[in-house]
Amino acid sequence: MSPRPKVGLDIKEILEAAAELADQFGMQEVTLAILAKKLGIRPPSLYNHFDGLGGLRKKMAIYGIERLYEVIAKAAIGVTGDEAVLTISKAYVNFAREHPGIYESTLMAPDLEDEEVQLAGSKIVELTVRILQAYSLEGDTAIHAVRGLRSILHGFSSLEKSGGFKMALDLNESLEIIIKAFIQGIQES
């Protein structure tokens, strides 16, 4: 039996439904037809909210980046220095674990240079720069450090998701060791 059509559907409900699909099946499986079926509407109705699949991917990327920012910002409350870096790093990786499709969506905007996508991402960068100020990093040096941390966290998350860590070692312990090495490195630079 098909779901009952929803009246007055808003973009938030659409994105939440798309996020559920993405987490369950992966972003490649989130199509307009499948999303419309989940929502109990006809696919053309989605065009009232965005321009085709590319528009959905853009909205999903922004949605995912904003959710990731919320998780990291919450983790950063009340902590500074090494503890803050460790806490936001764990929050990032846990977000990718708990919401693999939403996390994947953060990387799938049709145009990563899009102003709205950039604005959403800049909040994460700004928060991370503020956290790294505890190490007297400023300007380009701070941005290089943010890039390094993101590379570590994304690489770790991607390798974990793809089954790249087969050894019988605790992944959270590995992550903590890696982040502590990163912290030591930025303290020495």
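Read the figures in this text as sums done on the coordinates, not as results from a lab. Because the structure is a prediction, the values reported are computed rather than measured. In this analysis, Cβ positions are derived from the backbone assuming ideal geometry, glycine residues included, and neighbour counts consider all displayed protein chains.
Projecting the Cα positions of L132, A61, I178 onto the charge dipole of region 61-182 (unit charges on Cβ atoms of Lys, Arg, Asp and Glu, taken about the Cα centre) puts I178 furthest along the positive direction. Phi-derived couplings, Karplus 6.51 cos²θ - 1.76 cosθ + 1.60 at θ = phi - 60°, listed residue by residue for region 171-183: 5, 5, 5, 4, 4, 4, 4, 5, 5, 5, 5, 4, 4 Hz, with x used for Gly and Pro. Which lysines does K59 reach when only Cα atoms under 23 Å apart count, and residues fewer than 8 places away in its own chain are ignored? Here the lysines satisfying the reach criterion relative to K59 are K6, K12, K37, K38, K74, K123. If the chain linking R42 and I11 were pulled fully straight, counting 0.36 nm for each residue of separation and taking away their Cα-Cα distance, it would gain 9.6 nm. For the pair Q133 and K74 in one chain, pulling the backbone fully straight at 0.36 nm per residue adds 19.4 nm over the alpha carbon distance. Take 48-58, 81-91 and order them by the average number of nearby Cβ atoms within 10 Å per residue, most first; the result is 81-91, 48-58. Couplings 3J(HN,Hα) for region 146-155, derived from phi with the Karplus relation 6.51 cos²θ - 1.76 cosθ + 1.60 (θ = phi - 60°), are 4, 4, x, 5, 4, 4, 4, 5, 5, x Hz, where x marks Gly and Pro. Spatially, region 12-87 and region 116-189 are offset by 22 Å when compared through their Cα centroids. Taking the longest Cα principal axis of the chain as reference, the axis of helix 52-76 is set at about 40 degrees. Dividing the helix sum by the residues of the chain, where each DSSP H run of 4 or more adds -39500 (n - 2.57), gives a mean residue ellipticity at 222 nm of -23000 deg cm²/dmol. Relative to 2.2 N^0.38 Å, what does the C-alpha radius of gyration of region 54-188 come to as a ratio? Two decimals please. Normalised Rg, Cα atoms only: 1.05.
Tell me the label-point distance for the pair E173, R150, using the 7 Å Cα-to-Cβ offset, in nm and rounded to one decimal. Taking the two extended label points, one gets 3.2 nm. Between K123 and D111, the contour length at 0.36 nm per residue exceeds the Cα-Cα span by 2.5 nm.
Which residue fluctuates most in the GNM of the chain (Cα springs below 10 Å): T106, T128, T31? Evaluated over the chain, the most mobile residue of the options is T31. If R0 is taken as 25 Å, the Cβ-Cβ distance between D82 and I143 corresponds to a FRET efficiency of 0.80.
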